[in-house]
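Single-structure report; data block below.
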């Protein structure tokens, strides 16, 4: 898993840093697929890709110099992350992934309809609670799944047609042929 | 005979302990639960080293307090908190200070994280000294929730405290507050007093509310010593208290503007607050009013000449204040922010016993200056300012209304003082009544400041209890954040602007 | 918008021209106390009290006054600048001046004696000055005081004092800071947090203790709940006495440290 | 060497020097304007230069939990910012590097910088920095379409996909027309969001819970932090050049062109300072609406160019 991700990210970095190398082969793929010489403007011409490469070098050089300069800073003793001087920080004080996404989830709430449980604390001396939120996939969970389930439910009503007797199936074929014949004549 | 077993008493009154009949534990609990159920407020509930429990209920409508006490047979009693939320912190304090266990307390956690005062008796059975703010916090379980732990060292120039948010994304599911970092032992230090340090300790309960606490402390001593303060001196004390209110409210409104990034009011108010502080400094040499008040009278008088000098300076400061704060109400972008955050409803506010600006912003017209008046407020009543919505805007608006009212009071007082000749320096205070109890309330700029002292057979404090308004109100901050955006916490917190040191003592 | 511009016109430019000229200080401001040994009843012949006079020592709430060779020596690190000693002294040997300059680099320099010159804070050495001369970011840590010092530390950011124009500002993260500004006596409960914050600041770093609490424990010096000042936890480079110090006193200390005021007393 | 080459080289040199040295001046200017509006003297205009000089001499404290990724954020931001600066025309006509399609590179360079900053923030494990990172990506998801739609409108107007042509030769029809105003309005919103200015973020309140950008760099110190600060000011310059590009007079002569450019940047900084002085910051939940307004403005511009 990690190796595959690593290879992909390396490829991304490669395309990002030296896009010139990728432009020609990509153009060839496009022209082969489309069958003609030039359907789309050549990627090579649209963006002056060699510039990107030229700029990537100073970016890396500047980055390297700054890195050296910043890393060469005299270092004091390592300390815990600043936590307002509190004595007993714990693991629950790390920001969570769900919280990280919450801003966008709330913002897109009209599409995503997040399901939230246990968010409200009531009473002066409340009992410990659990908070749980879940964002169903709007396409899969909200359209595709219910849609297919609904279809399955409706269609299951037609189950009786599947009697399992060869003769009845033959009759279906005959009826179909008849219908087609009538339709052709009309 | 009233339906409450507790003895009526007024703010500033001292009486021998023997005059207050001891209740049985059962009656004591009943009186508190029934009283709070009927709309009285639990304003003080504490223990002392002899396992006595004292409770004071405020019957605001009748302008009086009700006091009762009981002596425990052992170091535990059935918790009142399940029936009366206002007892929550008081009971945890009692447990922490004297190792007395409130059995069945639903939220039994330390509140200041110090070792028990009672040798070898700890309510949690701890043997080592506790680590601050290290406790079992309320958690909302689930892998998606993250906790945000803020403090003790906060971003701004703010006192230390620990805030634990249960969050999902930007939404706060729950906030729990753990304080105690400022605990420096003031109540313990006052036992055995008054001595030469006691006045300084009263001044430093909460530095920004120096006058409110010192005045209350002075009234305790004056009550116990049976001294009456000349009315002119009381006027001057009123000036001190209202100047303190002016400076802090102006500062708070500026800071609220700053927290929403509204530069004009933030910049102007920051400076104008200094003008009000400097008016205080003109009288006593200290911008916070240190050494201005003294038991029995004043440390520094506000002579007629000085009063005349202060009037034009105050007029200038007031003109600037109006100008700067009116910008706030005119800025739609600010109003949007203020109205959106930090809501506490009136029922909640009553149940948890909010006081001061925070309570008045929820529509509870509660003000010690009107409900338990003393000194200049008896003859020159103030009008209680309040708002209805219980959000950040209401708390800001109440501050503004109070500024207007305090300015009116100051103008009247300074004009009066400019004509009245000064009082002679107060004579040294006679010794305090032995085996007595005195309680005094003052409406500081944050809200109700309560001090209660019990003296021993030699007239020394055997117990000195301080209840800063912050003690009641921190719970309000936590409630106001439920379901809110975490990015609104700073303005929400600032709109309460509670004292950490006043809570931690 | 028009209202805002009009307001700006009315409010005007309000940054004080300090250090070019001194702002008006309250007349009753209790600045640096002055001990006039010649008037002291414990020493001089004319006023001498037979068994020796200890009144100032006795009324001082924080034991800031000691008798050295008979004459009072006031430790400004402990002094709360209350009027007790001045009021009690029969011949008026102790007197508060309006002098706001109080900051010192060493704890020992905070002692006021009759005749001796007060050693004000010296600037940083050349090496540190090269680093911090034009840019000093401070992390303020409130460690158990009464929030009085915080009030006046905060005030320096307002338009009147405008700390930023000297290249000094307060920052949120200790990683971004060049020093700690500590208020409060350092409670037991804040000790570890203070240490964590100090360690989180990259070297070279400065520590500034503001107020009597941060220098000596202030009015809480007898309490076991506190540690008696910042120096008990971290090395302190600048002491600014007061309870709380006037903003001008704090500003004077900071500017002195950065060599922006010269060395004259 | 012919004279025209010398002139060209001197322009490139000036461009390079501007990109390297000018950025820290911009926050200084903004702060000065804000100070004047507040009625204070304010920090010196050169304060950020002083800060950078100090930070380069200081030690850095690294968090135990961080890895090399932590350093990638600041380094990447500056490296990427400098390269992006080479694509945008500053004063006179062309940028040092201009080619068809550089606009896409430009946009993705910023994406790359953001990605590195976010990674670097997440590397610390702090809940504050995670919070900042989440805010950054959420808002970026709305700011980027506005940038692209603006580019699309300009591309349609100039028939070019090179920033130098798009910004410097917008064509007489497009210039001072409705679509341009819409593009600039949309980009102004992007400018405020990307540079963490009011009303989106507040660079002055250093409160962990409310910030977007600064909260992501709470753990950086010393030289890496210097790079963060410098990178942020570089972004002000580059996006500023983008914003003032289409309205600058070109071909008035090299000297005047450069002067006009610097002046326009100064006016922009003053404008930002002024805007920050008169309005409050939005509530965090309102920020997306504000950004969507930017997207809509640029989308309208693009539609207007199509018809």
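The values are calculated or read from the model by the stated rules, or taken from the named source; none is laboratory data. All of these numbers come straight from a predicted model, not from anything done at the bench. Because the Cβ atoms are built from the backbone with ideal geometry, glycine has one as well, and the counts that use them run over all protein chains shown.
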Filter result for residue D:211 (under 28 Å from residue D:34 (Cα atoms) and buried (at least 22 other Cβ atoms within 10 Å of the Cβ)): yes
Which count do you get for residues in region D:132-159 that are within 14 Å of chain A (Cβ to nearest Cβ) and within 21 Å of residue D:116 (Cα to Cα)? 14
Among the residues of region D:206-224, count how many are assigned to a helix (DSSP H, G or I) and under 24 Å from residue D:281 (Cα atoms). 4
Qualifying residue in region B:148-162 (condition: within 11 Å of chain A (Cβ to nearest Cβ) and more than 27 Å from the chain's Cα centre (by Cα)): yes
Considering every residue within region B:73-83, establish whether at least one is touching a helix residue (DSSP H, G or I) at 6+ places or on another chain (Cβ under 9 Å), at pLDDT 90 or above, under 21 Å from residue B:482 (Cβ atoms) and in the same structural domain as residue B:49 (by TED's automatic domain parsing). yes
How many residues does region B:320-375 hold that are away from chain D (no Cβ under 14 Å) and in a helix (DSSP H, G or I)? 20
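Residue-wise test of (1) surrounded by fewer than 11 Cβ atoms within 10 Å (Cβ to Cβ); (2) at pLDDT 90 or above; (3) outside any helix (DSSP H, G or I).
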{"site": "A:111", "(1), (2), (3)": "yes, no, no"}
{"site": "A:143", "(1), (2), (3)": "no, no, no"}
{"site": "A:149", "(1), (2), (3)": "yes, yes, no"}
{"site": "A:182", "(1), (2), (3)": "yes, yes, no"}
Residues that are touching a strand residue (DSSP E or B) at 6+ places or on another chain (Cβ under 6 Å) and closer than 26 Å to residue A:71 by Cβ: does region D:201-213 have at least one? no
Closer than 30 Å to residue B:199 by Cα and at pLDDT 90 or above: is that true of residue B:320 in this structure? no
Of all residues making up region B:75-108, the number that are surrounded by fewer than 21 Cβ atoms within 10 Å (Cβ to Cβ), part of a loop (DSSP other than H, G, I, E, B) and away from every other protein chain (no Cβ under 11 Å): 3
Leading residue by the ranking (surrounded by the fewest Cβ atoms within 10 Å (Cβ to Cβ)) among those in region B:22-49 that are touching a strand residue (DSSP E or B) at 6+ places or on another chain (Cβ under 7 Å) and assigned to a loop (DSSP other than H, G, I, E, B): B:24
Going through region C:116-134 in order, the residues found to be farther than 30 Å from residue C:72 by Cβ, touching a strand residue (DSSP E or B) at 6+ places or on another chain (Cβ under 9 Å) and either surrounded by fewer than 24 Cβ atoms within 10 Å (Cβ to Cβ) or within 14 Å of chain B (Cβ to nearest Cβ) (or both) are C:124, C:128
From the set of residues in region C:227-256 that are in contact with a strand residue (DSSP E or B) (Cβ under 7 Å, 6 or more places away or on another chain) and in a loop (DSSP other than H, G, I, E, B), which is farthest from the other protein chains (Cβ to nearest Cβ)? C:236
Would you tally the residues in region A:57-102 being part of a helix (DSSP H, G or I) and either at the interface with chain D (Cβ under 7 Å from one of its Cβ atoms) or more than 26 Å from residue D:55 (Cβ to Cβ) (or both)? 19
Just to be sure, is residue C:120 in a loop (DSSP other than H, G, I, E, B) and over 21 Å from residue C:32 (Cα atoms)? no
May I ask you to say which residue of B:170, B:203, B:159, B:144 is farther than 19 Å from residue D:207 by Cα, touching a helix residue (DSSP H, G or I) at 6+ places or on another chain (Cβ under 7 Å) and outside the structural domain of residue B:498 (by TED's automatic domain parsing)? B:144
Can you tell me which residue in region D:141-169 is nearest to the chain's Cα centre (by Cα), limited to those that are farther than 13 Å from residue D:102 by Cβ and outside any helix (DSSP H, G or I)? D:169
Does region B:178-187 contain any residue that is within 14 Å of chain A (Cβ to nearest Cβ), at pLDDT below 90 and touching a helix residue (DSSP H, G or I) at 6+ places or on another chain (Cβ under 8 Å)? no
Based on this model, can you work out whether residue D:222 counts as within 14 Å of another protein chain (Cβ to nearest Cβ) and in contact with a strand residue (DSSP E or B) (Cβ under 6 Å, 6 or more places away or on another chain)? yes
Being farther than 30 Å from residue D:156 by Cα, touching a residue at least 40 places away in the same chain (Cβ under 8 Å) and either more than 9 Å from every other protein chain (Cβ to nearest Cβ) or buried (at least 21 other Cβ atoms within 10 Å of the Cβ) (or both) is the requirement here; does residue D:65 meet it? no
Could you check region B:188-199 and list, in sequence order, the residues that are facing another protein chain (nearest Cβ under 8 Å) and either in contact (Cβ under 8 Å) with a residue 12 or more places away in the chain or surrounded by 24 or more Cβ atoms within 10 Å (Cβ to Cβ) (or both)? B:188, B:189, B:199
Regarding residue D:227, is this residue outside any helix (DSSP H, G or I) and within 22 Å of residue C:169 (Cα to Cα)? no
Complete set of residues in region D:249-270 that are assigned to a loop (DSSP other than H, G, I, E, B) and in contact (Cβ under 8 Å) with a residue 60 or more places away in the chain: D:250, D:251
Only one of B:125, B:169, B:161, B:151 that is free of Cβ contacts under 8 Å to residues at least 12 places away in the same chain and under 30 Å from residue D:287 (Cα atoms): B:169
Within region C:179-198, identify whether any single residue is facing chain D (nearest Cβ under 8 Å) and touching a helix residue (DSSP H, G or I) at 6+ places or on another chain (Cβ under 7 Å), and answer yes or no. no
